[in-house]
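Here the structure is laid out as structure tokens; the discussion comes afterwards.
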Amino acid sequence: MLRKRILAILGALGILWLVGERGKLIQPSTLKYMQMMGWRRVLTTFDFVHAYFYARWTNQYIGWSVKYYMPFLGPESKDGRWAPVYHGKVLPNELAKALVSVNQDVCLENMEQLIPYPAARDLILQAPLDIVAYECGCRHSRANPCQPTQVCMVIGQPFVDFVLEHNPQSSRRLTQAEALELLQAEHERGHLHAAYFKDVMLDRFYAICNCCKCCCAGIESMMKHGAPMVMSSGYVAQVDAARCQACGTCQNACPFEAISVNGAAHVEWEKCMGCGVCEGQCPNDVITLVLDERKGQPLDIRVLAPAGHT
């Protein structure tokens, strides 16, 4: 059995070289990725190969998933095993900005309290943050995608170096100020932020996605196929009905179909994910986000990592 596994890994490394690690047997970021994952895991599981294809050919990976994989997601699939766990946490604009503004090293454990997903164990951030803007695979997979498309934010090492080394044409390094500008611009476009955790991405936080409801594969998999992709932010939208002019802007903007309008906007508690899109799009400023402990704990780095915490 061990011999077969070793041969499989050697074969995988040969494929990496053949498909082009730019004339090298292996790129430095790829080697670092393998070392951080651990050689035992690399040699005995499919995790590294999965992570490599996901990170290097993101557009193709997501495009294939949208076309062939997603129709079998969630409880409507034959066995319900395709997407049994959450992958991310919704972030209101203020919390997304706080997350990329950390000015000290942060290593938080027991992240399952925020995201009930066994792989989301740690939040590891090293200041100053390494951040890359990356081509959104979801938008890229659509015939007429929302613009701009370079809006995904890859966070931390070795992910940032991997993306820059393997996809230099579709990625660019961001300063903290540029990351904040990107988040604000996406918020103003009516797009939601989500922090993503993935088991094969070293079991931890690795990206902030800026999602539109018309292109995002994660939102589509939730709304059409019932897959538990992202968790509530811990907030719920609240409408000042007395001031609401029933314009319908919030209803059209909501990614989760949580708002209906009948005389005034009404928020359906069960569906609301607390993303803040409706709040940002409301022309009359009658919607606010309020904390609701029944929706879980927010991923608020200002509270989770107070001043002096390392």
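Could you grab me the full set of residues in region 177-218 that are β-branched (Val, Ile, Thr) and surrounded by fewer than 23 Cβ atoms within 10 Å (Cβ to Cβ)?
Narrowing region 177-218 to residues β-branched (Val, Ile, Thr): 200, 208.
Matches in region 177-218: Val200 only.
Filter region 225-249 for residues that are in a loop (DSSP other than H, G, I, E, B), closer than 16 Å to Glu268 by Cα and of a type in the set (S, T, N, Q) and give the result.
Ser232, Ser233, listed by residue number.
For Ala227, all conditions in the list (1) of a type in the set (A, V, I, L, M, F, W, C); (2) buried (at least 22 other Cβ atoms within 10 Å of the Cβ); (3) closer than 20 Å to Ala96 by Cα hold save one; what is the number of the exception?
In the conditions (1) of a type in the set (A, V, I, L, M, F, W, C); (2) buried (at least 22 other Cβ atoms within 10 Å of the Cβ); (3) closer than 20 Å to Ala96 by Cα, Ala227 misses (3) alone.
All but one of (1) closer than 23 Å to Met34 by Cα; (2) in contact with a helix residue (DSSP H, G or I) (Cβ under 7 Å, 6 or more places away or on another chain); (3) of a type outside the set (Lys, Arg) hold for Cys138; which doesn't?
Of the numbered conditions (1) closer than 23 Å to Met34 by Cα; (2) in contact with a helix residue (DSSP H, G or I) (Cβ under 7 Å, 6 or more places away or on another chain); (3) of a type outside the set (Lys, Arg), the odd one out for Cys138 is (1).
With respect to Ala133, determine if the residue is in contact (Cβ under 8 Å) with a residue 12 or more places away in the chain, part of a strand (DSSP E or B) and buried (at least 22 other Cβ atoms within 10 Å of the Cβ).
For Ala133, the condition - in contact (Cβ under 8 Å) with a residue 12 or more places away in the chain, part of a strand (DSSP E or B) and buried (at least 22 other Cβ atoms within 10 Å of the Cβ) - is not met.
Condition first: among the polar types (S, T, N, Q) and surrounded by fewer than 19 Cβ atoms within 10 Å (Cβ to Cβ). Now tell me which residues in region 30-58 satisfy that.
Scanning region 30-58 gives Gln35, Thr44, Thr45.
Give me a count of the residues in region 230-245 that are closer than 14 Å to Cys282 by Cα and either surrounded by 15 or more Cβ atoms within 10 Å (Cβ to Cβ) or polar (S, T, N, Q) (or both).
The total comes to 5.
Filter region 162-176 down to the residues that are over 18 Å from the mean Cα position of the chain (by Cα) and more than 20 Å from Lys97 (Cα to Cα), then identify the one that is surrounded by the most Cβ atoms within 10 Å (Cβ to Cβ).
Only one residue tops the list, namely His166.
In region 185-224, what count of residues is obtained for those that are farther than 30 Å from Arg40 by Cα, among the hydrophobic types (A, V, I, L, M, F, W, C) and outside any helix (DSSP H, G or I)?
Result for region 185-224: 8.
Bear in mind that the values in this text are calculations on the coordinates, not laboratory data. Model, not experiment: these values are computed from the prediction. As a convention, Cβ positions derive from the backbone with ideal geometry for all residues, glycine included, and neighbour counts pool all protein chains shown.
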